[in-house]
1. Please pick out the residue among A70, A36, A23 that is surrounded by 15 or more Cβ atoms within 10 Å (Cβ to Cβ), in contact with a helix residue (DSSP H, G or I) (Cβ under 8 Å, 6 or more places away or on another chain), at pLDDT below 95 and small (G, A, S).
2. Part of a helix (DSSP H, G or I) and touching a helix residue (DSSP H, G or I) at 6+ places or on another chain (Cβ under 9 Å), is that true of E93?
3. Of a type in the set (K, R), farther than 23 Å from V26 by Cβ, assigned to a helix (DSSP H, G or I) and open to solvent by 60 Å² or more (accessible area, probe 1.4 Å): does that describe R75?
4. Return the pairs, sorted by first residue and then second, in which the second residue is at pLDDT 85 or above and open to solvent by 70 Å² or more (accessible area, probe 1.4 Å), the first residue lies in the range 5-24 and is part of a loop (DSSP other than H, G, I, E, B), the beta carbons are less than 7 Å apart, and the residues are 6+ apart or on different chains.
Amino acid sequence: MTARKRETMPRDADQTRKRILDAATVEFARKGLGGARVDEIALRSKANKRMIYHYFGSKERLFTAVLEAAYAGIRSAEQNLNLGELPPMEAIERLVRFTWNYYLEN
């Protein structure tokens, strides 16, 4: 009997955490908090459940981290709109259009 070589990824805490967040974002977007499964997030992120709980503590805290990352992403992207340089009505229109498009794309 031959031993199967286990595929391993280099250990990088930041990359592991990012892979988990990315996988969790997809899983939560598809199934919501109640339907998402940590097993699926582990499989998709190529991490194990133990690492997910190590970095995030619980499925609920992972969900919170996903929401925080999404919020930070849209707020960061908004900074490039330079709304302060526009007349108020144009700024509001640009912000609303941007927010809607960002939502659809992400």
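1. Details: A36 fails: at pLDDT below 95; A23 fails: at pLDDT below 95.
Matching residue, one of A70, A36, A23: A70.
2. Values: part of a helix (DSSP H, G or I): yes; touching a helix residue (DSSP H, G or I) at 6+ places or on another chain (Cβ under 9 Å): no.
When the stated conditions are applied, E93 does not pass them.
3. Values: of a type in the set (K, R): yes; farther than 23 Å from V26 by Cβ: no; assigned to a helix (DSSP H, G or I): yes; open to solvent by 60 Å² or more (accessible area, probe 1.4 Å): yes.
No: the conditions fail for R75.
4. From residues that are part of a loop (DSSP other than H, G, I, E, B), the pairs are M9/K46.
The values are calculated or read from the model by the stated rules, or taken from the named source; none is laboratory data. For clarity, every value in this text was computed on a predicted model and none was experimentally measured. Neighbour counts are summed over all protein chains in view; Cβ atoms, including those assigned to glycine, are modelled from backbone coordinates with ideal geometry. Quick note on the areas: whole protein, heavy atoms, side chains included, nothing else; ligands and nucleic acids left out. Shrake-Rupley method; radii C 1.70, N 1.55, O 1.52, S 1.80 Å.
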